[in-house]
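Q: Please read through the structure below; I'll follow up with questions.
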Amino acid sequence: MNGFIIGGTNSGAGKTTITLGILSYLKSLGYKVQGFKAGPDFIDPGHHSVILNRPSHNLDSWMLKPWINKKIFEYYSEDAEISIIEGVMGLYDGFSPTQDIGSTAHLAKILNLPVVLVVNASSMARSIVPIILGYITFDKKIKIAGVILNKVGSKNHAKILEQAISHYLNIPCFGFFEKNPDISLSSRHLGLVTANEDIWDKEKIQRLISWTSKSVTPSFLKFIEKQKKQPRNKTKVSAKKQVKIAVAMDRAFCFYYQLNLKLLEQMGAELLYFSPLKETKLPKGIKGIYFGGGYPELYLEELSQNKKIKNEIVRFVEDYNVVYGECGGFMYLMASIKNKDNIMRNMVGVFPFHATLSKKLVSLGYRKIILLEDCPIGPKGIEAKGHEFHYSYVQGLKRYSKNIYEVYSRDNEKKESFGVRYKNCIGSYIHLHFASNILIAKYFVKYCREI
């Protein structure tokens, strides 16, 4: 395995911005870089993908078995010189307070990769040492190759930090990053703004590169050269295109695990991307539709006013074609959505529910599902894993009894989450990772092909 993981002492240490800076900087130096994201997040790998102009993939040691994480990393790293994984939360935060499953550290063990630790150095001097020392000594199986200090106040502050670390610790400082509001990313209720919102113009990317080039140290570039490998042509995995499946992809719908899409293709799907915001017709010849998550609540007017595509979707469902909607895609398939300002607009109306945005988080966490019947995403009894994260709740669900999911949390506690079905249309707040059970992609394509 060639590459490294960018971990943090905690959420908010600056992993994402520094990862984006390093990805853009190394690309500007001519390296062929592959990005990955630890954990279930969709937004960060979207930014990686735009910066690198190649898809970034999620790795997750709770949703996916160790060998699957290895296969994903190996396959998508084949034609890259160096691979970089952005961690999740704090380095040792994961499945539980006493286990490392689901953590960045666990992924580092699975892939046998070194970690570059990002530390928020704001308002600290010598006190930075015991923090770093604790992360180095907590788990001796984790190799921390170097540290990057973020939110450094000045060059003099950087000098003090470096002196303290070099005096007490045998670990290199790979960078001293000062605050730079010009490259910061704004956030909203599900996290950062998405890459689909055209925030990465050439000028902003250049500012990111400049900030990084001034912040990293010569020891970091030496480390990169040691991690570098010779790229080779990617092993081709191809399948005969047997059926056309439409995928909603625009500013409102952009939360997809990239591997889900790849697995559908490997099972024989030809994916046709379309925008429910802009297009008035579904792609021709399709037998299925995949609506991913996103921010439909931000685009209520455009989605509501596009009545032609909504009517086409209803007819498509009524004809027993296959439709699968996750989270924001599921909300779009409901009768209406009401945003935080109490503005309600009509949506597709396949499901007789009403999604209402809350100012508080409604649900967050890993989920395991068991299918309660044969359906377009699998046979009765199969298990799959995914993640649930939303600020909306459903009104009208109790009057609708067709629940096809039995849902459990990461610690095997039964949850009130659900998956509903109308004809061959399935909707749920849960984003399933198809690699957690490959039968999902297989059945999806099979149902579309045979319908």
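Values quoted throughout were computed directly from the atomic coordinates according to the rules given, and no laboratory measurement underlies them. Remember, it's a predicted structure, so these values are computed and weren't measured experimentally. Using ideal geometry, Cβ is built from the backbone for each residue, glycine included, and neighbour counts are taken over all protein chains shown.
Q: How far, in nm, would the chain grow between Ser186 and Ser238 when pulled straight, counting 0.36 nm per residue and subtracting the alpha carbon separation?
A: Separation in residues times 0.36 nm, less the Cα-Cα distance, equals 14.8 nm.
Q: Let's test the formula: R0 of 45 Å, r as the Cβ-Cβ distance of Leu439 and Glu78. What FRET efficiency results, to the nearest 0.05?
A: Calculated value: 0.95.
Q: Here's something else I'd like to know. Can you compute the modelled spin-label distance between Lys423 and Asp411, with each label point 7 Å from Cα toward Cβ, in nm?
A: Between Lys423 and Asp411, the simple spin-label model gives 4.3 nm.
Q: Where does each of Leu185, Leu91 land when they are ranked from fewest to most other beta-carbon atoms within 10 angstrom?
A: Listing Leu185, Leu91 from fewest to most nearby Cβ atoms yields Leu185, Leu91.
Q: Let me spell out the model: positive unit charges on the Cβ of Lys and Arg, negative unit charges on the Cβ of Asp and Glu, origin at the Cα centre of region 64-121. What dipole size does that give, in debye rounded to 20?
A: 260
Q: If you count, for each residue, the other Cβ atoms within 10 Å and average over each peptide, how do 118-131, 77-90, 12-25 line up from highest to lowest?
A: Those peptides, ordered most packed to least, come out 12-25, 77-90, 118-131.
Q: What is the spin-label model distance, in nm, from Glu383 to Ser219 if the labels are put 7 Å beyond Cα along the C-beta direction?
A: Result: 4.5 nm between the two label points.
Q: Can you give me the long-range amide H partners of Gly419? Hydrogens built in the peptide plane at 1.01 Å from N, cutoff under 5 Å, separation of 5 or more residues or another chain.
A: Amide H to amide H, under 5 Å and 5 or more residues apart or across chains, Gly419 pairs with Ile404, Tyr405.
Q: Assuming R0 = 35 Å, what is the FRET efficiency of Gln395 and Glu450, from their Cβ-Cβ distance, to the nearest 0.05?
A: About 0.50, to the nearest 0.05.
Q: Could you tally the net charge around Asp250, taking each other residue with its Cβ under 11 Å from the Cβ of Asp250, Lys/Arg +1 and Asp/Glu -1? Kindly include the intermediate steps, with their values, before the conclusion.
A: Values: positive: Arg251, Lys278; negative: Glu197, Glu279, Glu302.
Counting the neighbours of Asp250, the net charge comes to -1.
Q: Output the antiparallel fraction of DSSP beta bridges having both residues in region 243-450, as a percent to the nearest 5. List each step's numbers first, then the result.
A: Details: 31 of 53 bridges.
If we restrict to bridges inside region 243-450, about 60 percent are antiparallel.
Q: Roughly what % antiparallel, to the nearest 5, for the DSSP beta bridges in the chain?
A: The antiparallel fraction comes to roughly 40 percent.
Q: Oh, and also: Roughly speaking, what is the centre-to-centre gap between region 25-104 and region 433-451 when only Cα atoms are used, to the nearest Å?
A: If we compute the Cα centre of each part, the gap is 24 Å.
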